[in-house]
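Shown next, in structure tokens, is the structure this report addresses.
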Amino acid sequence: MSAWPADFAARYRASGHWRGQTFGALLTSLAQAHGERTAVVGEGARWSFAELDERAHRLAAGFAALGIEPGERVVVQLPNVPEFLSVVFGLWRAGALPVFALPAHRSSELRHFAGHSAAAAIITVGEHERHDHATMVRAVADEVASVRDVLVVGSPEFDRLAATAPRELPDPDPSGVAFLQLSGGSTGLPKLIPRTHDDYLYSVRESARICGLRTDSVYLAALPVSHNFPLSSPGVLGALHAGAKTVLAPRPDADTVFGLIEAEGVTISGVVPPLAAAWVQAAARTDRDLSSLEVLLVGGAKCGRELAERIGPALGCRLQQVFGMAEGLVCYTRLDDPDELVLSTQGRPISLDDEIRLVNPDDPAASSADVVAPGEVGALLTRGPYTIRGYYNADDHNRTAFTEDGFYRTGDLVRRTATGHLEVVGRAKEQINRGGEKVAAEEVENHLMAHPGVLDAAVVAVPDPYLGERTCAYVVPAEGAAPTAAELRRFVRERGVAAFKVPDLVQVVAEFPVTGVGKTSKRELRAALAAVAEKG
């Protein structure tokens, strides 16, 4: 993990991007400014800014009394409940570093996050979506030596911690790491992304401004809030920064969110394209009043032109496309952009100090100097005031993920317009974007090849009108074995992975097509699957 070079850091501070404010200090200032205004609504609770601040202060003192020290990592796996905010602000106040896990993650992923970060504790819920998180997390804690404590929101132990008398704790260094997010994981389990108070709050502030958040705005978090998109683009943190209300949706289905839009006067939300398509379809038959909705952000995966054109007329709101990554760079179409740019591009960067390079996509060693001609598709490299310079404890990977002069190789293929907007064309990495959830082909292949009846496996993407892409696993059976598709899908699921990583399709084949040097040809596998689909 590497920090920004001193000259870049000085430039970002001089420009006002980095203001030397921590998340804890931000919440204190918001409580002073907005007091009894509603900050967050969810799970039957309605907390004011002052109440959220008080709860975070108490939890910070409780975490410190428990022995969680500044700089220690704590895995946080919570659904869309108000306690998500009190927990993470409490950890920030205590100087600890949240490691954000998704509710969909299972034991395989949690062991990796806790082990790789040497986490001191894991915070979760008892049960969510019919899954026993508490039991799962305790089993993970037994396997990871660094984990001393498991805290379950809603348990008597957690309630006692949350009742600790508040006390002032030292404010952490705003230029230091505040938390660890998860990468998309192009070659296996996700890498950990270190974000600082300074860099992330710059992104939050600018996102809130670009998205037009006001004190009377109401942000609906329909996606899991530990995702970078609903956390900060502009997300719950952007809403808090603006003094606006956040509504936490327990589920993203149209019936649930339409009811919340009507009841809470929601003005803005953010979704992935498949969810936007479902809302568009449901809007034609709902009797809910959606007239308060002003802006719908769509990101996480490319929003196709056909869907983009339907969103405004169906939902009565302005579409705002967003393209970004937990590693940093975030692009938005602007609210005053011409319709053509909103419908056809994924926006332009937040900052004038976001540096963009499009390089030869066929040369994995291309540097930031090897740019393609204007208007051509290139592999996207970027650096800037909120784009990391290295992953957490991943020196070997950092040497290939970042150029020598600090540009991050995003793995995205894009085209840049004359206005500076980016049109996302595809991915250079072997990563499948399944409705906004990133699936690493190699990780799923490794799980499949652990089956005793599998000789080899290759996972590829297949186009899907709803998800954008779904996963297809080609499997070569071991000699004398005859595993079925259902058996293999069940095997992967039982290895404790998130449900979105279980292959949508499984094809058992006699052998793989190979390249001239004997490597599996993913291109030929995709072509074979497309041919089967055309016949079917």
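Quick rundown of the values:
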read-out: Of the criteria (1) out of contact with any Lys or Arg (no Cβ under 7 Å at 6 or more places or on another chain); (2) farther than 21 Å from Glu340 by Cα, which one Phe258 fails; value: (1)
read-out: Extreme residue, surrounded by the most Cβ atoms within 10 Å (Cβ to Cβ), among residues of the stretch 319-344 that are among the aliphatic types (A, V, I, L, M) and part of a loop (DSSP other than H, G, I, E, B); value: Leu329
read-out: Residues of the stretch 245-265 that turn out to be crowded, with 16+ Cβ neighbours inside 10 Å and over 22 Å from the mean Cα position of the chain (by Cα), as a count; value: 6
read-out: Verdict on Glu262 being charged (D, E, K, R) and closer than 22 Å to Val177 by Cα; value: no
read-out: Residue match in the stretch 62-76 (condition: assigned by TED's automatic domain parsing to the domain that holds Ile122, surrounded by fewer than 24 Cβ atoms within 10 Å (Cβ to Cβ), more than 30 Å from Gly184 (Cα to Cα) and not small (Gly, Ala, Ser)); value: yes
read-out: Checking Ala373 against (1) modelled with pLDDT under 95; (2) surrounded by 19 or more Cβ atoms within 10 Å (Cβ to Cβ); (3) part of a loop (DSSP other than H, G, I, E, B), the condition it does not meet; value: (2)
read-out: Enumerated helices (runs of 4 or more DSSP H) restricted to the stretch 174-263, each holding at least 3 residues that are in contact (Cβ under 8 Å) with a residue 60 or more places away in the chain and within 24 Å of Arg37 (Cα to Cα); value: 197-210, 235-241
read-out: The listed residue being surrounded by fewer than 19 Cβ atoms within 10 Å (Cβ to Cβ), within 30 Å of Thr286 (Cβ to Cβ) and touching a strand residue (DSSP E or B) at 6+ places or on another chain (Cβ under 6 Å), out of Gly347, Gly316, Gly312; value: Gly312
read-out: Check on Ser155, under 25 Å from Arg58 (Cβ atoms) and either surrounded by fewer than 24 Cβ atoms within 10 Å (Cβ to Cβ) or hydroxyl-bearing (Ser, Thr, Tyr) (or both); value: yes
read-out: Cross-chain or 6+ apart pairs with Cβ under 9 Å, the stretch 264-276 first and at positive phi, then of a type in the set (A, V, I, L, M); value: Gly265/Val218
read-out: Exclusive hit being farther than 26 Å from Leu223 by Cα, touching a residue at least 24 places away in the same chain (Cβ under 8 Å) and basic (Lys, Arg), set Arg37, Arg19; value: Arg19
read-out: Failed condition for Lys438, given (1) surrounded by fewer than 22 Cβ atoms within 10 Å (Cβ to Cβ); (2) part of a strand (DSSP E or B); value: (1)
read-out: Test: Gly42 is closer than 19 Å to Leu240 by Cβ and in contact (Cβ under 8 Å) with a residue 40 or more places away in the chain; value: yes
read-out: Some residue of the stretch 120-130 being among the hydrophobic types (A, V, I, L, M, F, W, C), surrounded by 19 or more Cβ atoms within 10 Å (Cβ to Cβ) and in contact (Cβ under 8 Å) with a residue 60 or more places away in the chain; value: no
read-out: Hits in the stretch 384-403 - residues which are under 22 Å from Leu352 (Cα atoms) and either touching a helix residue (DSSP H, G or I) at 6+ places or on another chain (Cβ under 6 Å) or part of a loop (DSSP other than H, G, I, E, B) (or both); value: Gly384, Pro385, Tyr386, Thr387, Ile388, Arg389, Gly390, Thr403
read-out: Scan of the stretch 459-478 for residues that are assigned to a strand (DSSP E or B), among the hydroxyl-bearing types (Ser, Thr, Tyr) and under 21 Å from the mean Cα position of the chain (by Cα), ordered by number; value: Thr471
read-out: Hits in the stretch 178-212 (condition: on the phi > 0 side of the Ramachandran plot and modelled with pLDDT of 95 or more); value: Gly212
read-out: Boolean, Asp412 is at negative phi, in a loop (DSSP other than H, G, I, E, B) and not assigned by TED's automatic domain parsing to the domain that holds Ala178; value: no
read-out: Qualifying positions in the stretch 464-491 - under 29 Å from Val137 (Cβ atoms), at pLDDT below 95 and aliphatic (A, V, I, L, M); value: Leu467, Ala473
read-out: From the options Arg11, Arg37, Arg58, residue that is basic (Lys, Arg), more than 26 Å from the chain's Cα centre (by Cα) and closer than 23 Å to Val99 by Cβ; value: Arg58
read-out: Members of the stretch 434-482 found to be without any contact (Cβ under 8 Å) to a residue 12 or more places away in the chain and farther than 30 Å from Phe229 by Cβ, listed by number; value: Met449, Gly480
read-out: Any hit, the stretch 133-151, residues being within 28 Å of Phe49 (Cβ to Cβ) and not hydrophobic (A, V, I, L, M, F, W, C); value: no
read-out: Positions within the stretch 469-500 being in contact with a Gly (Cβ under 6 Å, 6 or more places away or on another chain) and either surrounded by fewer than 17 Cβ atoms within 10 Å (Cβ to Cβ) or closer than 19 Å to Gly184 by Cβ (or both), in sequence order; value: Ala478, Ala481
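The values are calculated or read from the model by the stated rules, or taken from the named source; none is laboratory data. Given the structure is predicted, the values throughout are model-derived calculations rather than measurements. Every residue, glycine among them, receives a Cβ derived from its backbone with ideal geometry; neighbour counts consider all protein chains shown.
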